[in-house]
Amino acid sequence: PMCIRAIEEKAEEMEYGHLSEYERDVRLMFANCIKYNIGKEGAWFRGEARRQEKVWKDDIIPQARELFKKETAKRKKQLERADRQDAEKKKARVETAEERKRRADNISKALKDASGSTDDNAISRLKGKDVKPLPPSKAKRRKKDMDYPSMPCIATMLLSDPFVVRVILDRILRSVRSDVLGGNSIPAAHTIVPSLLQLLYISQFSTQLCAVRGKRFIVPDVGLVKIDVDTENLDPAAAAALNVPFASLRKYLPMLAGLLLQVDLDRRVAAGGDLHDASASSLPPRPPADPKPWQAASSFAALRALTEGAMIHIIQPGQLNEAALAAQLPRFCAALEGLSDGDLGADRSFFVSLSRALLRYKRNLSHGLRDLVMSSWIGWIGSCEDSKGS
């Protein structure tokens, strides 16, 4: 048996694999109608079946065959296009894998050449002495004006990210505490401190590079050797800026190391320290904080950030002795006032970090420590307001 409803259901369920299967069911439907409608009562049904079958053969099935032919050709093109795209993607993936392997081989070869070793694991044994500072360069302009920034500009913007800067500052302070104060090195001869300071100098140029859209770039000197400045052709400010790395590395970073050394000494001679009894009987009194060595140091932004970080560290819970801090805080205040040129009250990030360090005490913050820090805080804000008014 076959009827229109059965043909419709098979079409909706996608049971026809080819047009010929559909034609067979339609012909079967008309044949059954003619065969089983017999006698006078079935004459009208037989005639109507023959008429509709003729219309179907002459009009409907040719249109269906033409439509099926077009859809088949269209589907074939779509499949061919999809196959070509898959082949191109597969080819691209193969090419990318080959390029990655070639790039990895080049990096491995460069590492071997740099370390003087033929060992594939040489990178895991690289030490600070293998890291060399970048050679200084003069300001350069790109020969061709482009809409996108240069790679050095992008690298500088990545270095200026606050998280990266904090990591570099923390690494420098750790190196000063462990190696310089430990007697193993001086800042200028340290394996990585000069290079890390140079990265901080480079990060300070990020705003200038963004202003010129990366069309110019300069690598500052590392500061190992003092630069001979042509004072006739340069104004004093520009001449002094050229030797900021040298002064930072050779003068102010050792002074910061001296502050940290005095922090350790203050802790030992304070009540409860191992040198308290000896200092009370034989050691001369400690000299007061002297701000003169730190004067005219406001252009040393990297040293200012290092000094702020060192001060935040000694205020952390578990790092201080209240009696020792009474001597330590004035020294750091004198250093920060010289490094900020009296504008420390405008340093929001420093005060946020200082507030977080104090809030970690919760209710355990002593009144003496609170009054000591707050009096310094008020003095910084007052000096900032005075400098704005003048």
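Read-outs throughout are calculated quantities, based only on the coordinates presented, and are distinct from any laboratory measurement. For clarity, every value in this text was computed on a predicted model and none was experimentally measured. A quick note on method: Cβ atoms are made from the backbone with ideal geometry, for glycine too, and the neighbour counts reach across all protein chains shown.
Quick check: net charge around SER340, other residues with Cβ under 11 Å of its Cβ, Lys/Arg +1 and Asp/Glu -1?
-4
Measure up LYS35/LYS77; LYS54/LYS74; LYS10/LYS69; LYS35/LYS70; LYS10/LYS90; LYS70/LYS90 against 32 Å on the Cα-Cα distance and list the ones that go over.
In this structure, LYS35/LYS77; LYS35/LYS70; LYS10/LYS90 exceed 32 Å between Cα atoms.
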